[in-house]
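Below is one structure, written out as structure tokens; the observations come after it.
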Amino acid sequence: MEGLERIVLAHPFFAGFEAELGQVVSGCARNLRFETGQYLFRAGDEANEIFLIRQGVVSIEIAAPGQKPTVFATEREGEIVGAAWMVPPYRWRFDARATSLTRAIGIDARCLREKCEADDHLGYEMMKRFLPVVARRLDETRLQMLDVYGKQSA
Amino acid sequence: MTAAEDPFIPLPYCVGRVRRETGDTASLELLPLAGPRPSFKAGQFNMLTAFGVGEVAISMSGDPAETEGFVHTVRNVGAVSGALARLETGAALGLRGPFGTAWPTEEAIGADVLIVAGGLGLAPLRPAIYEVLARRERYGRVVLLYGTRSPRDILYRAEMGRWRRRLDVDIEITVDHADPAWHGNVGVVPRLIPRMSFDPQNTFAMVCGPEVMMRFTASALHEAGVSFERIWISMERNMKCAIGLCGHCQFGPDFICKDGPVMRYDRIASLLAVREI
Ligand SMILES: Cc1cc2nc3c(=O)[nH]c(=O)nc-3n(C[C@H](O)[C@H](O)[C@H](O)COP(=O)(O)OP(=O)(O)OC[C@H]3O[C@@H](n4cnc5c(N)ncnc54)[C@H](O)[C@@H]3O)c2cc1C
Ligand code: FES
């Protein structure tokens, strides 16, 4: 097994992934490093990569013109950043910024989309991994929206 | 019957020290004006009377091992809590108690302890934290997870800082949102659970916060392998008598003032989702 393939399969997101599929996905992967403060992507940019965090912390931010950005999530080692690669028009809706030295595996989204289109089994396996992440984030967002620590919510 | 014996008659107390914790929350040290302060267990509450305004239930937030006064952390959410949170040193108030059940700090000896607090829920858990830390060697891993609205709303900031410096406690704080100057976690508190190391088969979890947060936390704990019989939560309902007579705080077959506020999750899980209760 190649070094990169081993690293991809060792990431918790790919726990239990079939070795052959791991090989296919690794064909779209590269090693990345972000310094503190560096952006992984900015809102509006093309969503052309998925990031599997291996080390460090990434904050997900939203900014309104003329105001300080608001951080609404942090992702760290073992987690993934970026789901917009799956949904047309494939544009990031938020900013993602490394808040400490961050190492990640980047998976080329166009390459992965093409491979998923060509192989239903791979596509379904990727969906099975992404959907729980998306569903969990939806739950978390709802909980944050409820503002449970605010005064009206007890 | 003397006032000390009649659970309906508030005893006179006065405010010793006041600590302003956040914009709307204060910790008050309450000293008895007559007689000794009764002992209490971590998790219990008192009924505090702001004279001329009303009476509300407020948990103890101080150290049960200290004998001088009671410490209560009060958040101004309405008429009575507002009047209490605004009290100054020397002010008089009435107090009945202690009432209710306690956190399972004795049963948890020998096990890992996972304390999960949301917002003001850290206040009723603080006495349990003091107890566990005072006998730290008798427990396995000790983990404290605290979620609140924003960095401005973090309670007991200095004390949290001291606990975080200890090598024998794992503490993570998360906020719902922050500006980029905040370097900690952002997200909901149940999210922190899978990141922590503890033995789910041998863990006692103590959870306090808004009910929705406790439900999400209990299900995250369950997913991590902690059984519902090992999860304890502290419930809040409007209280009047606080001794199981008036029925104001009824929750299914239980009265929160007497059978709670600290309750085992498996006993009440099915009721928590029922809107009418
Ligand atoms: C066992 C127990 C322990 C408690 N421990 C504490 C404690 O340690 N510290 C503390 O500050 N409070 C505590 N409370 C809650 C406290 O009793 C209530 O906040 C208080 O009764 C509110 O009364 P009020 O007259 O100030 O407000 P009300 O006029 O009764 O309520 C005003 C508004 O505040 C909302 N509200 C009521 N309670 C809460 C709440 N808990 N949080 C947010 N909004 C609320 C109401 O929905 C209403 O909109 C405890 C309650 C119980 C049952
Ligand atoms: S407050 Fe009266 S029964 Fe609980």
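The values are calculated or read from the model by the stated rules, or taken from the named source; none is laboratory data. Quick caveat: nothing in here was measured; it's all calculated off a predicted structure. All Cβ positions, even for glycine, are placed from backbone atoms using ideal geometry, and neighbour counts span all protein chains on display. When the accessible area is computed, the model is the full protein with side chains, heavy atoms only, and any ligands, DNA or RNA have been set aside. Shrake-Rupley method; radii C 1.70, N 1.55, O 1.52, S 1.80 Å.
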Worksheet item: Alpha carbon centre of the stretch B:18-72 versus the stretch A:95-154: separation in Å?
Response: 44 Å
Worksheet item: Given labels modelled 7 Å from the Cα in the Cβ direction, how far is it in nm from A:Leu131 to B:Asp266?
Response: 3.2 nm
Item to complete: Please grab the % of Cα pairs in the protein assembly as shown that end up more than 36 Å from each other.
Response: 35 percent
Worksheet item: In the stretch B:112-234, with Lys and Arg counted as +1 and Asp and Glu as -1 at Cβ, which of these residues, B:Phe216, B:Leu114, B:Ile171, has the Cα nearest the positive end of the dipole, that is, farthest along it?
Response: B:Ile171
Worksheet, complete the sentence: To the nearest 20 debye, chain A has a Cα-centred charge dipole, built from +1 on Lys and Arg Cβ and -1 on Asp and Glu Cβ, of 580 debye
Worksheet item: With N residues in chain B, what two-decimal value do you get for its Cα radius of gyration over 2.2 N^0.38 Å?
Response: 0.98
Worksheet, complete the sentence: Descending packing, highest mean Cβ count within 10 Å first, for A:133-144, B:46-57 is B:46-57, A:133-144
Practice prompt. State, as an integer percentage, the relative contact order of the stretch B:137-233 based on alpha-carbon contacts under 8 Å between residues 6 or more apart.
Written response: 24 percent
Response to the item:
Treating only Lys and Arg (+1) and Asp and Glu (-1) as charged, each at its beta carbon, one finds that the protein assembly as shown has a dipole about its Cα centre, in Debye to the nearest 20, of 840 debye
Discussion item. With a cap of 16 neighbouring Cβ atoms within 10 Å, and only residues DSSP puts in a loop, list the GluC sites (Glu not before Pro) found in the stretch A:1-39.
Written reply: A:Glu2, A:Glu18, A:Glu35
Worksheet entry | Charge dipole (debye, nearest 20) of the stretch B:112-234; +1 at Cβ of Lys and Arg, -1 at Cβ of Asp and Glu | 340 debye
Discussion item. Looking only at the protein assembly as shown, where both bridge partners belong to it, what percent of the DSSP beta bridges are antiparallel (to the nearest 5)?
Written reply: 75 percent
Practice prompt. Work through the residues other than A:Glu79 whose Cβ is under 11 Å from its Cβ and net out their charges, Lys, Arg +1 and Asp, Glu -1.
Written response: +4
Discussion item. Tell me the per residue accessible area of the protein assembly as shown using a 1.4 Å probe; a whole number in Å² is fine.
Written reply: 47 Å²
Item to complete: Please give the residues from the stretch A:113-154 for which the solvent-accessible area of heavy atoms, probe 1.4 Å, is smaller by at least 20 Å² with all protein chains in place than with the chain isolated.
Response: A:Asp139, A:Glu140, A:Leu143, A:Gln144, A:Asp147, A:Val148, A:Tyr149, A:Lys151
Worksheet item: Roughly what angle does helix B:122-134 make with the longest principal axis of chain B, taking Cα atoms, 0 to 90 degrees, to the nearest 10?
Response: 70 degrees
Item to complete: Can you list which of the trypsin sites (Lys or Arg not before Pro) found in the stretch B:140-211 are DSSP loop residues with at most 14 other C-beta atoms within 10 Å?
Response: B:Arg166
Item to complete: Shielding by partners for B:186-194, please: the mean number of other protein chain Cβ atoms within 10 Å of each residue's Cβ.
Response: 6
Item to complete: Would you work out which of B:Leu125, B:Pro151, A:Gly22 lies farthest towards the positive end of the dipole of the protein assembly as shown? Charges go on Cβ: Lys and Arg +1, Asp and Glu -1.
Response: B:Pro151
Discussion item. Give the residue list of trypsin sites (Lys or Arg not before Pro) in the stretch A:1-100 that are DSSP loop and have at most 16 other beta-carbon atoms within 10 angstrom.
Written reply: A:Arg42, A:Arg93
Fill in: Fraction of accessible area attributable to carbon and sulfur, the stretch B:11-99 (%, probe 1.4 Å)
53 percent
Practice prompt. Name the lysines eligible as straight-distance cross-link partners of A:Lys128: C-alpha to C-alpha under 28 Å, and not fewer than 8 places from it in the same chain.
Written response: A:Lys115
Worksheet item: Can you give me the relative contact order of chain A as a percent, contacts being Cα pairs under 8 Å and 6 or more apart?
Response: 28 percent
Practice prompt. Rank A:Phe94, A:Met145, A:Val133 by how far each Cα sits towards the positive end of the charge dipole of the stretch A:70-154 (+1 on Lys, Arg Cβ; -1 on Asp, Glu Cβ) and give me just the farthest.
Written response: A:Met145
Worksheet entry | Under 18 Å from the Cα of B:Lys258 - aspartates and glutamates, other chains or at least 8 residues apart | B:Glu5, B:Asp6, B:Glu55, B:Glu236, B:Asp266
Worksheet item: Chains A and B: what accessible area do they bury, summed, in square angstrom to the nearest 100, with a 1.4 Å probe?
Response: 2300 Å²
Fill in: Solvent-accessible area, 1.4 Å probe, carbon plus sulfur percent, for the stretch A:2-149
54 percent
Response to the item:
On the formula 1/(1 + (r/R0)^6), with r taken between the Cβ atoms of B:Arg195 and B:Glu68 and R0 of 41 Å, the FRET efficiency rounded to 0.05 is 0.60
Response to the item:
TM-like helix rule applied to chain A (DSSP H, alpha carbon span at least 24 Å on the long axis, mean Kyte-Doolittle at least 1.6) gives none
Worksheet item: When Cβ neighbours within 10 Å are restricted to other protein chains, what is their mean count per residue of peptide A:56-63?
Response: 2
